[in-house]
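The values are calculated or read from the model by the stated rules, or taken from the named source; none is laboratory data. If you're wondering where the values come from, they're calculated on a predicted model, not measured in any experiment. Because the Cβ atoms are built from the backbone with ideal geometry, glycine has one as well, and the counts that use them run over all protein chains shown.
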Amino acid sequence: MSDGRILRGEATRERLLAAARELFGRRGYEDTSIESVLAASGVARGALYHHFPSKADLFDAVAVEVFVEIADRTWEAARRRRTARERLRAGSHAWLEMARDPEVQRIALLDPQTVLGWRRWRGLDERYSLGALRAAFARLAEEGAVPANQADVLANVWLAALNEAALLIADAEDGRAAHAQAVAAIDTLLDRLTGRPGRTGARARGRATAAA
């Protein structure tokens, strides 16, 4: 295959993904037809099926893009922090902020388990998120913040906690309030888990000391 044909094929695939992502994110999987993707992308039906044998395969490819972006954005937020605890906090906050985006909600949280199945959704989450969390908890263990023999399990538990918090945000009528509550809860979990008292506890001790 010539370089020109390869480049044209890649460009067609990118057009399909861009159109499908916008439609899946706005309408959801069930209400997005192949015809609407073809119309939005300007791609012929045969070309679509050349790249994606089914609508579910197209959604899978879009989901991979979103999961990669989640991983990139959480890493970008985390890498500027000095300690493992604060890197984990910053990355967790970044994911919960992304969970406010209706497009991310649809593609990464609400539709994948039905469209792709729980195992595939879980596999994407593990591939693009769990590795970074395992590294984060391994570093916390090196710093003495968590038991070394629990680091891997805690990484899985943390991923589950983040996903549940993100789902609460996605399902909430008041997304802003749900996001604030989720962030506060994640901060409480992290501070309690790593032996660092939260701000409320610190203030309470300060008042008790002053009263004494």
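In segment 89-131, the qualifying residues are those that are hydroxyl-bearing (Ser, Thr, Tyr) and under 16 Å from Val157 (Cα atoms), and the one that is surrounded by the fewest Cβ atoms within 10 Å (Cβ to Cβ) is Tyr128. Within segment 18-34, being outside any helix (DSSP H, G or I) and not charged (D, E, K, R) holds for Gly28, Tyr29, Thr32, Ser33. Taken residue by residue, segment 109-125 has no member that is without any contact (Cβ under 8 Å) to a residue 60 or more places away in the chain, farther than 29 Å from Asp31 by Cβ and acidic (Asp, Glu). Restricting attention to segment 77-100, the residues that are at pLDDT 95 or above and assigned to a loop (DSSP other than H, G, I, E, B) total 2. Here segment 159-212 is the region considered, the condition is being hydroxyl-bearing (Ser, Thr, Tyr) and either at pLDDT below 95 or not assigned by TED's automatic domain parsing to the domain that holds Val146 (or both), and the residue that is nearest to Leu130 (Cα to Cα) is Thr194. Only one entry of Val37, Val43 meets the criterion of being among the aliphatic types (A, V, I, L, M) and not in a helix (DSSP H, G or I), and that entry is Val43. Scanning for something assigned to a helix (DSSP H, G or I) and more than 16 Å from Ala108 (Cα to Cα), does segment 57-73 turn up at least one residue? There is no residue in segment 57-73 that is assigned to a helix (DSSP H, G or I) and more than 16 Å from Ala108 (Cα to Cα). Would you check which residues across segment 134-190 are charged (D, E, K, R) and assigned to a loop (DSSP other than H, G, I, E, B) and list them? Within segment 134-190, Glu143, Glu173, Asp174 qualify.
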